[in-house]
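Asker: The following block contains the structure, expressed as structure tokens.
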Amino acid sequence: MLKSNIKLTILFLLAIFSFSKINAQAWDVPADKKAKNSYIKFDENTAKEGEAIYTKNCVSCHGNPGKANNLKTLNPIPPDLGAAKTQALTDGELFYILNTGRGAMPSFKNTLSEEERWKTISYIRSFNKQYVQVVSKTDPTKSKLVKIKLDVDSLTNKIKVAVIANEIKGVVLLKDAEINMFVSRYFGKLQIGKTLRTDSVGCVLFDFPKNLPGDSIGNLEIVINVNDEIYGEIESINKVKIGVPTNKPSLTEKRAIWNVLKLAPWWIIITYTSILLGVGFILLLIIKNLFKIRKLGED
Amino acid sequence: MMDQSKKNKITSDLLKPIGITKTFHIWMGFLTLSLAVCLYAYMFQLDKGLVVTGLRDYVSWGMYISNFVFFVATSLIGMLISAVLGLSGVKWASPLARIAEIIALAFAAVAGLVIVSDMGHPERLLNVFMYGRLQSPIVWDVTVVTVYVLISALLLYIPLIPDFKICHEKLVDIPKPLRNIYKLLSLNWKGTEDQEKLLKKSVWILSILIIPVALAIHTVTSWLFASTSRVGWDSTIFGPYFVTGAFVSGTAAVIIAMFFYRNSYKLQDYITELHFDKMGKLLVLVSLVYLYFNLNEFMVPGYKMKKFDATHLHALFAGRYAIMFWLVQIVGLILPILFLLFGKMRKPLPMTVIAVAVLLGAWFKRYIIVVPTMEHPYLPIQNVPMNFKFYTPTLIETFVSLAPFILVLMIITILSKVVPIIPIQETIEHHEESK
């Protein structure tokens with residue numbers, strides 16, 4: 001009895017705690033993230049591209065920046081991003097918020113690329129006349145030097161990911177880089193395991209599930225996403241034969257209720273046509289009778 | 001053999017309403033003017049799109065589709081009176097058969113137009129014929145409504161053949177082209193035994209054929225709703241529920257028509273109090289059956305109150321639609337049944353008043369079937385303006401919805417000015433038999 005009371009109390013406190021956490025207005029952004037800057041120079045073009053991304057992903061809750069048409073029925077209220085409070089945040093803070101999400105706000109880390117995320121911020125900044133951008137010293141061309149190698153152990157179903165950069169001075173192993181692994185699915189990317197960091201030789205080991213359905217020969221599309229302080233964000237898409245071969249015929253291959261007219265079920269075609277023909281035949285019979293009546297009355 | 005003077009009296013009595021009178025001009029003028037107003041509203045909708053209506057993403061079937069269901073429903077009465085009662089040898093119903101058939105034809109013919117009013121792009125109606133799928137109840141509905149209109153027209157026309165002959169012979173004052181049309185339509189009718197036999201046989205075949213077709217037209221209309229899994233529509237009894245409901249509104253419509261025909265055409269000798277009495281009893285019968293289906297339709301899910309059903313049923317029983325719902329059930333169904341149990345209430349005037357209440361109830365019942373369900377989708381309605389969540393018809397929509405009624409009245413008015421609404425030949429035969 002007492003035990004369950006304690007449990008209830010803890011649950012209650014937890015609930016209050018988590019609720020107040022959601023309600024908290026300020027974001028707790030780590031100092032290094034706060035100082036992060038965009039490697040893309042914000043201009044009219046980036047803002048324009050950002051607007052398209054914003055309209056797709058953000059406008060439904062935040063409204064149009066500066067128009068104060070944000071959705072005030074949500075808790076916490078998604079702020080108008082043109083307002084001074086948002087504009088007072090650093091680019092790094094905005095980037096962090098965009099990456100992590102909170103409460104009803106989803107994380108955009110895996111749905112938007114880094115470039116897209118910075119362009120969205122560029123659009124938000126275009127509403128602030130006083131804003132002066134500090135461009136990151138990260139060289140975006142450096143990401144092109146990075147090579148991601150996948151090593152699949154089909155016995156243990158482990159995938160080793162090695163990340164290297166081919167610098168002019170020689171091969172550099174990317175240490176302590178953030179690695180995410182995803183598998184492309186119907187409606188988006190499925191993350192495999194957790195976000196890992198590369199070891200001293202630039203490698204990480206992922207346990208790959210054994211039961212993921214692949215295509216007819218078991219191929220899966222594996223997306224590796226690398227995030228490095230120096231080299232930035234790199235993504236590679238690999239076709240790997242590691243899934244369960246699945247040969248599901250398409251739902252629109254056979255005759256079915258939901259299919260196109262040409263692939264309508266036979267029973268519907270037969271029933272509909274025969275009823276229509278039957279009724280048509282009877283109506284013709286009636287018309288014939290009318291002609292007969294007319295003929296009979298002729299002098 | 002009945003004496004000639006009686007025969008002549010019947011003929012002249014029943015032919016009297018035919019022909020254009022001053023009242024007809026005034027009435028048609030009024031209808032034309034009202035139709036023009038409604039058409040103006042429709043032009044506005046055509047120009048601006050459906051945004052001028054209360055229809056939005058969630059409630060996309062509003063007043064228009066309710067109207068459509070009501071029109072299809074009311075048209076079913078032709079089948080009940082001329083086919084079911086006719087085939088079962090119910091003699092008293094035969095003078096009413098033509099009125100019922102006229103109502104059926106008018107409502108069924110206009111029902112198709114009502115659907116078009118719900119389309120922002122009416123020209124896309126052609127897509128149903130070009131790209132329609134046989135699997136879709138919409139294609140079945142288009143087919144079956146067309147067939148029903150055809151059969152109803154034939155069932156109206158064929159029994160009229162002998163009467164057209166009489167019209168041609170007796171109506172000597174009307175313009176010659178009109179008389180010639182009567183002659184053409186009478187198909188050289190001489191009343192010979194062979195002709196008689198063919199005509200009776202054709203009517204008999206059509207009367208049988210129209211029963212499944214009429215059942216199909218409203219069952220398929222109900223399937224437009226019941227073939228989805230939405231709350232309030234996901235019901236296995238929707239077919240019979242719609243069909244029995246259709247008999248209620250159709251019977252009420254015939255009673256109202258009877259009252260007006262009887263008084264304005266001086267047909268007291270032909271549409272007698274006996275007919276009203278019988279029609280009253282018929283209305284009680286069909287209403288009781290409908291009440292039974294209503295009980296099933298609301299009591300069974302109401303007892304279980306499954307999560308999503310509950311939202312819907314609360315809106316009907318105690319929420320936004322409560323007043324409409326209970327008015328429809330009590331004033332439009334239960335009270336008429338109770339009142340009509342008394343012989344005094346089955347007299348022409350009180351019964352017509354009751355029939356008007358029933359018909360209004362029937363219209364609002366269709367609204368209750370169509371609209372609240374659309375306000376209660378399974379997925380929550382989020383991030384939309386307030387007027388997306390709840391549907392309120394606009395004035396323009398109301399005018400556009402009135403247009404089909406005006407059209408029906410016009411068709412009925414014109415038809416009853418060119419054909420005898422009580423079968424002359426049949427009435428004479430009836431009198432001879434009863435002698």
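The values are calculated or read from the model by the stated rules, or taken from the named source; none is laboratory data. Predicted model only: the values in this text are computed from it and were never measured. FYI the Cβ positions are ideal-geometry reconstructions off the backbone, even for glycines, and counts take in every protein chain you see. For accessibility, only protein heavy atoms count, side chains too; no ligands or nucleic acids. Shrake-Rupley method; radii C 1.70, N 1.55, O 1.52, S 1.80 Å.
Asker: Kindly provide the set of residues from segment B:117-135 that are open to solvent by less than 50 Å² (accessible area, probe 1.4 Å) and more than 11 Å from chain A (Cβ to nearest Cβ), ordered by number.
Answerer: B:S117, B:D118, B:M119, B:G120, B:P122, B:V128
Asker: Before we move on, is B:I337 open to solvent by less than 60 Å² (accessible area, probe 1.4 Å) and in a loop (DSSP other than H, G, I, E, B)?
Answerer: Criteria not met by B:I337.
Asker: Which condition number does B:I138 fail, the rest of (1) buried (at least 21 other Cβ atoms within 10 Å of the Cβ); (2) within 14 Å of another protein chain (Cβ to nearest Cβ); (3) touching a residue at least 40 places away in the same chain (Cβ under 8 Å) being met?
Answerer: Against the list (1) buried (at least 21 other Cβ atoms within 10 Å of the Cβ); (2) within 14 Å of another protein chain (Cβ to nearest Cβ); (3) touching a residue at least 40 places away in the same chain (Cβ under 8 Å), B:I138 comes up short only on (1).
Asker: Pull up segment B:411-424, narrow it to residues that are outside any loop (DSSP other than H, G, I, E, B) and open to solvent by less than 60 Å² (accessible area, probe 1.4 Å), then point me to the one that is farthest from B:S66 (Cα to Cα).
Answerer: B:I424
Asker: If we keep just the residues of segment B:141-192 that are crowded, with 19+ Cβ neighbours inside 10 Å and not in a helix (DSSP H, G or I), which is nearest to the other protein chains (Cβ to nearest Cβ)?
Answerer: My answer is B:L187.
Asker: Also, quick follow-up: Checking the condition crowded, with 17+ Cβ neighbours inside 10 Å and assigned to a loop (DSSP other than H, G, I, E, B), which residue from A:Y54, A:Y39 passes?
Answerer: After ruling out the rest, the residue left standing is A:Y39.
Asker: Does segment B:100-108 include one or more residues that are without any contact (Cβ under 8 Å) to a residue 60 or more places away in the chain and either within 14 Å of chain A (Cβ to nearest Cβ) or under 23 Å from B:I217 (Cβ atoms) (or both)?
Answerer: Yes - at least one qualifying residue is present in segment B:100-108.
Asker: Something else about it: Considering B:V384, B:V408, B:V356, B:V370, which residue is in contact (Cβ under 8 Å) with a residue 12 or more places away in the chain, in a helix (DSSP H, G or I) and more than 30 Å from B:L15 (Cβ to Cβ)?
Answerer: After applying the criteria, what remains is B:V370.
Asker: Output the number of the condition that A:S250 fails; it satisfies all remaining conditions of (1) assigned to a loop (DSSP other than H, G, I, E, B); (2) within 14 Å of another protein chain (Cβ to nearest Cβ); (3) open to solvent by less than 80 Å² (accessible area, probe 1.4 Å).
Answerer: (2)
Asker: Can I ask one more? Anything in segment B:109-135 that is touching a residue at least 40 places away in the same chain (Cβ under 8 Å) and within 23 Å of A:I257 (Cβ to Cβ)? List them, or say none.
Answerer: Passing the criteria: only B:I115.
Asker: Is there a residue being away from chain B (no Cβ under 14 Å) and either touching a His at 6+ places or on another chain (Cβ under 6 Å) or open to solvent by less than 90 Å² (accessible area, probe 1.4 Å) (or both) anywhere in segment A:263-273?
Answerer: no
Asker: Let me ask something else about it. Tell me, which residue of segment A:286-299 that is assigned to a helix (DSSP H, G or I), open to solvent by 40 Å² or more (accessible area, probe 1.4 Å) and at the interface with chain B (Cβ under 7 Å from one of its Cβ atoms) is farthest from A:L150 (Cα to Cα)?
Answerer: Among residues in segment A:286-299 that are assigned to a helix (DSSP H, G or I), open to solvent by 40 Å² or more (accessible area, probe 1.4 Å) and at the interface with chain B (Cβ under 7 Å from one of its Cβ atoms), the one farthest from A:L150 (Cα to Cα) is A:L296.
Asker: Can you confirm whether segment A:168-182 contains a residue that is over 25 Å from A:K33 (Cα atoms), among the aliphatic types (A, V, I, L, M) and in contact (Cβ under 8 Å) with a residue 12 or more places away in the chain?
Answerer: Within segment A:168-182, none of the residues are over 25 Å from A:K33 (Cα atoms), among the aliphatic types (A, V, I, L, M) and in contact (Cβ under 8 Å) with a residue 12 or more places away in the chain.
Asker: Another question about this same structure. Taking the condition farther than 30 Å from B:I369 by Cβ and either open to solvent by 30 Å² or more (accessible area, probe 1.4 Å) or assigned to a helix (DSSP H, G or I) (or both), does B:W27 pass?
Answerer: Here the answer is yes, as B:W27 does meet what is asked.
Asker: Now, a different point. Checking A:N70 against (1) surrounded by fewer than 18 Cβ atoms within 10 Å (Cβ to Cβ); (2) in contact with a His (Cβ under 6 Å, 6 or more places away or on another chain), only one condition comes out false. Which one?
Answerer: Only one criterion is unmet by A:N70, namely (1).
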